[in-house]
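The values are calculated or read from the model by the stated rules, or taken from the named source; none is laboratory data. Just so we're clear, the structure is a prediction, and the values are computed from it rather than from any experiment. Backbone-built Cβ (ideal geometry, glycine too); neighbour counts: all protein chains shown.
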Amino acid sequence: MFSKILIANRGEVAVRVIRACKEMGLRTVAVYSEPDAQSLHARLADEAVCIGSSHPSESYLNIPAIISAAEITDADAIHPGYGFLAENAHFAEICESCDITFIGPSPENMRLLGDKMTARKTAEKVGIPVIPGSPNIIKTKEEAIKIAKKLKYPVIIKASAGGGGKGMRVCHNDVRLVSSFMTAQQEAEAAFGNADVYLEKYLERPRHVEVQILADRFGHIVHLGERDCTIQRRHQKLIEESPSPAIDSKLRKKIGDMAVKAAKTCNYVNAGTVEFLLDRYGNFYFLEVNTRLQVEHPVTEMVTGIDLVKEQIKIASGMKLLYKQDAIKIKGAAIECRINAENTEKDFMPCPGKIDIYLPAGGPGVRVDSHVYSGCTIPPYYDSMIAKVISYGKNRQEAIDIMKRSLDEFIIEPIKTTIPFHKHVMNDTLFLRGDFATDYVERLSLSE
Ligand code: ADP
């Protein structure tokens, strides 16, 4: 086992990883940018090293500064959290070449699955259904029009190196396709340094259902059930839950098996998530594999009782996974609401600033993962997520009741947050019935 872990991240995920390390008796090193000097992760870690200025490229994406921080503090492993360098195969390789263990999948896993087009082809090869789409990267508008005709509108342009919804455009006709094609390529080039895009049929009103997997270095792979992440705004998740209210045990087994098969095919190691879209007729389609810890991982932890961060660390240190598939049981229901510093009345506009009062919810069935405290300042340079509230109940209704009560208790002043939005959803008939698709938030705002 490692003795000291550096966390190459900030915010709630850095705090989450530090907490797991402390419980495992491991020492921790935080890295922080100048505006994050007073951040909770820097305070909670045993040691903290400033790695640069506010811009991510100068700090949280600054590989030489992070490796130097690990070397001067004698850290023997790096946990990348999610975002920033978490899916960067080059970074993982540099860690290994410096004799520092990267806590995550192998660089080969990341390269193969980080490219959506290659991941699609890999899934298809082993018989996992994929969304109909272009067989290869599309180079010209003319080619795009030809393929869109075959697929039939609507279609979605996607960046092969994509993530975070960047480079993605839904198109309902040729005019829109032509006007979006170049912008999608440019956006992909700017965000990922890779302009490759491809087309997929745009499924109408699907649900997003993903499967958590864990794989050790000895080829033992298990899944930990699914998360339903259908409640999204502009293709970004806002509320997640486990189990999904849309699938039964038969479908659960089917996608669980598919996810394990996908992971086996790539000799996957560590924690990962296989994402699917589910259509109205109960058909599943492979979307992508995320080769890291997900923001929404706590709902899986609540219903399985398995700490995913501790498992990631144990696997990276070479330990065997102790769980057999049959021993993993889904018990109760969990819901996560992402509290973002955003004004929901102004189209979810980010609202960074100083927080004077922060009083999180508590009590039975409530977990809050956050880096916020009274008197802290949310800098404008990073993600607007400031807390995650997770409720756990013996069934979905109880988890909703606990979530409602938690959102009522939660005080964050004076900045605007997504709490009013979540309260609204928790009282909405369609949400209560579990009857929704990825256009839910759009429809909600239209109906107001
Ligand atoms: P990213 O990696 O940028 O987050 P994903 O491929 O994971 O992009 O897709 C994010 C979300 O976009 C999905 O959860 C879904 O809501 C929507 N989406 C993606 N592809 C399709 C599709 N072919 N049809 C319908 N919706 C899609």
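Check whether at least one residue in the stretch 201-208 is part of a strand (DSSP E or B), under 17 Å from residue 328 (Cα atoms) and within 15 Å of the ligand (Cβ to nearest atom), and report yes or no. Break it down stepwise before answering.
Taking the stretch 201-208 and keeping what is part of a strand (DSSP E or B), we get 201, 207-208.
If we keep only those that are under 17 Å from residue 328 (Cα atoms) as well, we get none.
Taking every residue of the stretch 201-208 in turn, none turns out to be part of a strand (DSSP E or B), under 17 Å from residue 328 (Cα atoms) and within 15 Å of the ligand (Cβ to nearest atom).
Mind checking which residues of the stretch 388-416 are of a type in the set (Val, Ile, Thr) and in contact (Cβ under 8 Å) with a residue 40 or more places away in the chain? Correct list: 389, 390, 400, 411, 412, 415.
Within the stretch 136-163, the set of residues being more than 17 Å from residue 194 (Cα to Cα) and either part of a loop (DSSP other than H, G, I, E, B) or in the same structural domain as residue 289 (by TED's automatic domain parsing) (or both) comprises 152, 153, 154. The condition of being within 11 Å of the ligand (Cβ to nearest atom) and under 21 Å from residue 320 (Cα atoms) does not hold for residue 265.
Scanning the stretch 402-422 for residues that are within 16 Å of the ligand (Cβ to nearest atom) and closer than 20 Å to residue 242 by Cβ turns up nothing. Among the conditions (1) under 30 Å from residue 394 (Cβ atoms); (2) assigned to a loop (DSSP other than H, G, I, E, B), the only one that residue 194 does not satisfy is (1).
Please enumerate the residues belonging to the stretch 169-185 that are assigned to a loop (DSSP other than H, G, I, E, B) and either touching a strand residue (DSSP E or B) at 6+ places or on another chain (Cβ under 7 Å) or more than 15 Å from the ligand (Cβ to nearest atom) (or both). Answer for the stretch 169-185, where residues must be assigned to a loop (DSSP other than H, G, I, E, B) and either touching a strand residue (DSSP E or B) at 6+ places or on another chain (Cβ under 7 Å) or more than 15 Å from the ligand (Cβ to nearest atom) (or both): just 173.
The condition (being outside any loop (DSSP other than H, G, I, E, B), in contact with a Phe, Trp or Tyr (Cβ under 9 Å, 6 or more places away or on another chain), surrounded by 17 or more Cβ atoms within 10 Å (Cβ to Cβ) and not polar (S, T, N, Q)) is satisfied by just one residue among 13, 29: 13. Apart from one condition, residue 166 fits all of (1) within 15 Å of the ligand (Cβ to nearest atom); (2) over 16 Å from residue 201 (Cβ atoms); (3) outside any loop (DSSP other than H, G, I, E, B); (4) not hydroxyl-bearing (Ser, Thr, Tyr); the exception is (3).
Here are some residues: 68, 59, 54. Which one is among the hydroxyl-bearing types (Ser, Thr, Tyr), out of contact with any Pro (no Cβ under 6 Å at 6 or more places or on another chain) and surrounded by fewer than 20 Cβ atoms within 10 Å (Cβ to Cβ)?
Being among the hydroxyl-bearing types (Ser, Thr, Tyr), out of contact with any Pro (no Cβ under 6 Å at 6 or more places or on another chain) and surrounded by fewer than 20 Cβ atoms within 10 Å (Cβ to Cβ) holds for just one of 68, 59, 54, which is 68.
Looking only at the stretch 225-253, count every residue that is within 16 Å of the ligand (Cβ to nearest atom), in a loop (DSSP other than H, G, I, E, B) and buried (at least 21 other Cβ atoms within 10 Å of the Cβ) and tell me the total. The total comes to 1. Summed over the stretch 268-286, the residues that are assigned to a loop (DSSP other than H, G, I, E, B) and more than 15 Å from the ligand (Cβ to nearest atom) give a count of 3.
From the list 299, 303, 309, 289, the lone residue that is within 11 Å of the ligand (Cβ to nearest atom) and either buried (at least 18 other Cβ atoms within 10 Å of the Cβ) or on the phi < 0 side of the Ramachandran plot (or both) is 289. Residue 341 meets the conditions (1) more than 20 Å from the chain's Cα centre (by Cα); (2) closer than 19 Å to residue 11 by Cα in every case but one. The failed one is (1).
Does the stretch 90-110 contain at least one residue that is under 19 Å from residue 158 (Cβ atoms), out of contact with any strand residue (DSSP E or B) (no Cβ under 6 Å at 6 or more places or on another chain) and not in a strand (DSSP E or B)? Yes; the residues of the stretch 90-110 include at least one that is under 19 Å from residue 158 (Cβ atoms), out of contact with any strand residue (DSSP E or B) (no Cβ under 6 Å at 6 or more places or on another chain) and not in a strand (DSSP E or B). Being free of Cβ contacts under 8 Å to residues at least 60 places away in the same chain and either under 23 Å from the mean Cα position of the chain (by Cα) or assigned to a loop (DSSP other than H, G, I, E, B) (or both) is the requirement here; does residue 42 meet it? Yes, satisfied.
Annotation: residue 154 fulfils all but one of (1) within 28 Å of the chain's Cα centre (by Cα); (2) more than 13 Å from the ligand (Cβ to nearest atom); (3) at pLDDT 95 or above; (4) surrounded by fewer than 19 Cβ atoms within 10 Å (Cβ to Cβ); the unmet one is (2). Does residue 322 satisfy the criteria of being outside the structural domain of residue 91 (by TED's automatic domain parsing) and either assigned to a loop (DSSP other than H, G, I, E, B) or of a type in the set (S, T, N, Q) (or both)? Taking the combined requirement at face value, the residue satisfies it. Inspection of the stretch 99-110 identifies at least one residue that is within 19 Å of the chain's Cα centre (by Cα), outside the structural domain of residue 291 (by TED's automatic domain parsing) and within 16 Å of the ligand (Cβ to nearest atom). Of all the numbered requirements in (1) outside the structural domain of residue 319 (by TED's automatic domain parsing); (2) touching a His at 6+ places or on another chain (Cβ under 8 Å); (3) more than 15 Å from the ligand (Cβ to nearest atom), residue 213 misses one, and that requirement is (1).
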